[in-house]
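Worksheet for the structure shown next.
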Amino acid sequence: MLIFLHGPDTYRSRQRLKFYKEGFKKKYDPRGLNIEVLAGEKLTLAEFQKKLSSKGLLAQKRLVVVEELISKNKSKKIQEELADYLKKNPPDSDQVLVFWEGNIGGGRKKGRRIKEASGQLLDLLADKAKVEEFPLLSGAALAKWVREEVTRRQGRIAPDAFELLIVLVGSDLWEMVNEIEKLVNFKNGKIITKEEVGEFVKAGFDTDIFKLSDALAERRLKVALKLIHDQIESGENVLYLLTMLTRQFRILLLVKETSKEENNTYAVASRLGLHPFVCQKALSQVKNFSLTELKNIYQKLLEIDIKIKTSQAEPKVLFDMFIFEVCKV
């Protein structure tokens, strides 16, 4: 089976790739031993042939994913070589071959142009593969997706807040998921208001949280204390700050565990449903933590949440104690 996933909406295409992987595991390979993810940027024909033709471990079927070969591999020769090879040796019934690309051009499918581009491999995929294209959502389609995502996360949102969220974030579903998660976690079952969307939704990634987690990862006590104090003194809502910090360390914990089994950024990002940028930052930070340390830090943040909501404890003191504990690890 040959599958081609592509389009500018990389969140939905990554989720679709995750769907194929999980379906393959459920049906043929529970431990995922026969799933290979190949970075197309430096892929050679020899490596491709080896991975595709390897015999499966404890399962007859094999799933091979080739990522961003067309968009990132500078060698046009490899595309021609793969096209020639696949013409002569199409995937058999025991092989599932998936090519994943982001926003590329090219090819035709059933006489319809997919995008403005060309290439032997791209044309072959357009003609022979099961092609799934993921354009950016807009209008009613975007609204439907956002509403379903809020509901899936057991959140509730007021109509005017819903409209503002779409206006502020737009079609970037990586960013949209991030903002929905923040709001739903913060409200904890209560209805999200327009005022809260206006206050909490920020464009792009929250660089201050990255800076803080960087400082904690490198045990830079003074820098971490200054960053947290600056946030609190600027009037930042302490529960929002705690939600973002908890989310960041939850990501670090998941990335630490997943990176034991996956060998590249895109594979980890795909498996966890994260933006590759977020995943890349997390992979650089988790090198400074053991799995046990991350579990302990995550537990401490959950304890801070309980203390802030159930006692008269000063949030600034709780954050200071947390930072001292992490930096002395």
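The values are calculated or read from the model by the stated rules, or taken from the named source; none is laboratory data. Because the structure is predicted, anything quoted here is derived from the model rather than measured. Neighbour counts are summed over all protein chains in view; Cβ atoms, including those assigned to glycine, are modelled from backbone coordinates with ideal geometry.
Collect the residues in region 259-275 that are within 24 Å of L241 (Cα to Cα) and surrounded by fewer than 18 Cβ atoms within 10 Å (Cβ to Cβ), keeping them in residue-number order.
Across region 259-275, the qualifying residue is only G273.
Scan region 255-277 and tell me whether some residue there is among the aliphatic types (A, V, I, L, M) and either farther than 21 Å from I35 by Cα or over 11 Å from the mean Cα position of the chain (by Cα) (or both).
There is no residue in region 255-277 that is among the aliphatic types (A, V, I, L, M) and either farther than 21 Å from I35 by Cα or over 11 Å from the mean Cα position of the chain (by Cα) (or both).
Could you look through region 51-70, keep only residues that are in a strand (DSSP E or B) and either hydrophobic (A, V, I, L, M, F, W, C) or at pLDDT below 85 (or both), and pick out the one that is nearest to Y28 (Cα to Cα)?
Applying the filter and picking the extreme gives L63.
Condition (residue is without any contact (Cβ under 8 Å) to a residue 60 or more places away in the chain, small (G, A, S) and not assigned by TED's automatic domain parsing to the domain that holds E175) applied to region 26-37: is it met by at least one residue?
Within region 26-37, not a single residue is without any contact (Cβ under 8 Å) to a residue 60 or more places away in the chain, small (G, A, S) and not assigned by TED's automatic domain parsing to the domain that holds E175.
Restricting to region 288-329, and then to whatever is of a type in the set (F, W, Y) and over 26 Å from the mean Cα position of the chain (by Cα), can you tell me which residue is surrounded by the fewest Cβ atoms within 10 Å (Cβ to Cβ)?
F324
Which of the numbered conditions does F24 fail, given that it passes all the others? Conditions: (1) farther than 14 Å from E101 by Cα; (2) at pLDDT below 90; (3) part of a helix (DSSP H, G or I).
It is condition (2) that F24 fails.
State which residue pairs qualify: first residue among the charged types (D, E, K, R) and inside region 74-97, second residue loosely packed, with under 14 Cβ neighbours inside 10 Å in any location, beta carbons under 7 Å apart, and separation of 6 or more residues or different chains.
That search, which allows pairs on different chains as well, returns D94/Q60.
Restricting to region 145-182, what's the tally of residues that are closer than 21 Å to R12 by Cα, in contact (Cβ under 8 Å) with a residue 24 or more places away in the chain and among the aliphatic types (A, V, I, L, M)?
10
Anything in region 74-114 that is in a strand (DSSP E or B), at pLDDT 85 or above and not aliphatic (A, V, I, L, M)? List them, or say none.
Scanning region 74-114 gives Q95, F99, W100.
Every residue in region 187-210 that is modelled with pLDDT of 85 or more and either under 21 Å from the mean Cα position of the chain (by Cα) or farther than 21 Å from P315 by Cα (or both), please.
G189, K190, I191, I192, T193, K194, E195, V197
Being in contact with a Ser or Thr (Cβ under 8 Å, 6 or more places away or on another chain) and not assigned by TED's automatic domain parsing to the domain that holds K76 narrows it down to one residue among S171, S213; which is it?
That would be S171, the only listed residue that is in contact with a Ser or Thr (Cβ under 8 Å, 6 or more places away or on another chain) and not assigned by TED's automatic domain parsing to the domain that holds K76.
Just checking, which of T265, T193 is farther than 30 Å from E68 by Cα and free of Cβ contacts under 8 Å to residues at least 60 places away in the same chain?
T193
Determine if region 228-237 includes at least one residue that is over 20 Å from E325 (Cα atoms), touching a Cys at 6+ places or on another chain (Cβ under 8 Å) and at pLDDT 80 or above.
No, region 228-237 contains no residue that is over 20 Å from E325 (Cα atoms), touching a Cys at 6+ places or on another chain (Cβ under 8 Å) and at pLDDT 80 or above.
Going by what's in this entry, would S234 be described as over 21 Å from N188 (Cβ atoms) and either touching a residue at least 12 places away in the same chain (Cβ under 8 Å) or of a type in the set (F, W, Y) (or both)?
Judged against the criteria, S234 is not a match.
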